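> Before I ask anything, here is the structure I am working with.
The values are calculated or read from the model by the stated rules, or taken from the named source; none is laboratory data. Please read all numbers here as calculations on a predicted model, not as lab measurements. Cβ: placed from backbone, ideal geometry, glycine included. Neighbour counts: every protein chain shown. Heads up: the accessible areas ignore ligands, DNA and RNA and are worked out on the full protein's heavy atoms, side chains in. Shrake-Rupley method; radii C 1.70, N 1.55, O 1.52, S 1.80 Å.
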Amino acid sequence: MDALSLARPLAASLQRFVLPCRCLLCGVAGNDGLDLCRDCARELPRNRTCCARCALPLPEPTALCGRCQRRPPPWDTAWVPFRYAWPLDRLESRFKFSANLACGRVLSSLWLREPPPTELPVWIVPVPLHVGRLRERGYNQARELARPLAKHLGLTSRFNVLFRQRPTAAQTELGAVARRRNVRGAFITREHTAWPAHVVLLDDVMTTGATLMECARMLKRAGVQRVDVWALARAPSFKV
């Protein structure tokens, strides 16, 4: 172990001594090494009962939701450990739209503590932002979540093989049909890429899945045999 590796945990311990953990939601003392208290952590909405194909929260366990039975998505399986609800939605909104990277670190740490799928990919590919949006925001929230997760699982994260070739309207303002139209043809893969057989697409939140569907189609078209999707949180059923 080199000197830098030895110094990192010491620096982290010193930082916690000088700046102890404080809950980002209610302001009381943090718990278990997180800027999140025990009570707020207890309220985190885990996505335990969901469709195995699209991770849609369901009232009872079932292999596939009705939507996936009628029209299966272009990916193979999904891993989405949380539901997009209070209080996780507050942390995610601050991370994504208010440049609150402390919230991002908490969300990333929470994801690392969830049991991963048994079949892991070769690459993790975060959903890209258009270059204009990236300049405006200063970071890609999917990439910030992908980096520590890939390191934790011993996987390769690739940020230069999938691109958003044109700007798109914010999906939050659109219905399900409009979301699909909005991202149609928005992504391209890098030419002459030696794609592995198994790749994961990673995003922060899955709502209708329109963006991930379009990305998965591009990866399948590029020759990837198995595409899974991972997201931190899944929104409940979304009306058209």
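> Does segment 77-90 include one or more residues that are free of Cβ contacts under 8 Å to residues at least 40 places away in the same chain and open to solvent by less than 70 Å² (accessible area, probe 1.4 Å)?
no
> Suppose we keep only residues that are over 21 Å from Leu145 (Cβ atoms) and of a type in the set (A, V, I, L, M, F, W, C) within segment 183-202. Which one would you say is surrounded by the most Cβ atoms within 10 Å (Cβ to Cβ)?
Across segment 183-202, the extreme among qualifying residues is Trp195.
> Separate question: Restrict the check to segment 99-111 and report whether at least one residue is assigned to a helix (DSSP H, G or I), open to solvent by less than 30 Å² (accessible area, probe 1.4 Å), touching an Asp or Glu at 6+ places or on another chain (Cβ under 6 Å) and farther than 16 Å from Cys26 by Cα.
Yes, because at least one residue in segment 99-111 is assigned to a helix (DSSP H, G or I), open to solvent by less than 30 Å² (accessible area, probe 1.4 Å), touching an Asp or Glu at 6+ places or on another chain (Cβ under 6 Å) and farther than 16 Å from Cys26 by Cα.
> Across segment 140-170, which residue is surrounded by the most Cβ atoms within 10 Å (Cβ to Cβ) among those that are closer than 13 Å to Cys215 by Cβ and at pLDDT below 90?
Out of the qualifying residues, it is Arg164.
> Taking segment 224-237 on its own, how many of its residues are at pLDDT 95 or above and surrounded by fewer than 17 Cβ atoms within 10 Å (Cβ to Cβ)?
Counting residues in segment 224-237 that are at pLDDT 95 or above and surrounded by fewer than 17 Cβ atoms within 10 Å (Cβ to Cβ) gives 1.
> Then there is this: Kindly indicate the residue of segment 16-27 that is part of a loop (DSSP other than H, G, I, E, B), open to solvent by 70 Å² or more (accessible area, probe 1.4 Å) and of a type in the set (A, V, I, L, M, F, W, C) and also farthest from Arg234 (Cα to Cα) among those meeting that condition.
So, considering only residues that are part of a loop (DSSP other than H, G, I, E, B), open to solvent by 70 Å² or more (accessible area, probe 1.4 Å) and of a type in the set (A, V, I, L, M, F, W, C), the one farthest from Arg234 (Cα to Cα) is Leu19.
> Mind telling me which of the residues Leu110, Leu153, Leu162, Leu145 ends up being touching a strand residue (DSSP E or B) at 6+ places or on another chain (Cβ under 9 Å), over 28 Å from Lys220 (Cβ atoms) and not small (Gly, Ala, Ser)?
Exactly one of Leu110, Leu153, Leu162, Leu145 is touching a strand residue (DSSP E or B) at 6+ places or on another chain (Cβ under 9 Å), over 28 Å from Lys220 (Cβ atoms) and not small (Gly, Ala, Ser), namely Leu110.
Condition check ((1) closer than 18 Å to Glu214 by Cα; (2) assigned to a loop (DSSP other than H, G, I, E, B); (3) not hydroxyl-bearing (Ser, Thr, Tyr)) across all residues:
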| residue | (1), (2), (3) |
| --- | --- |
| Leu64 | no, yes, yes |
| Pro74 | yes, yes, yes |
| Arg90 | no, no, yes |
| Phe95 | no, no, yes |
| Glu136 | no, no, yes |
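> Every residue in segment 37-62 that is open to solvent by 20 Å² or more (accessible area, probe 1.4 Å), in contact (Cβ under 8 Å) with a residue 12 or more places away in the chain and farther than 21 Å from Val205 by Cβ, please.
Asp39, Pro61
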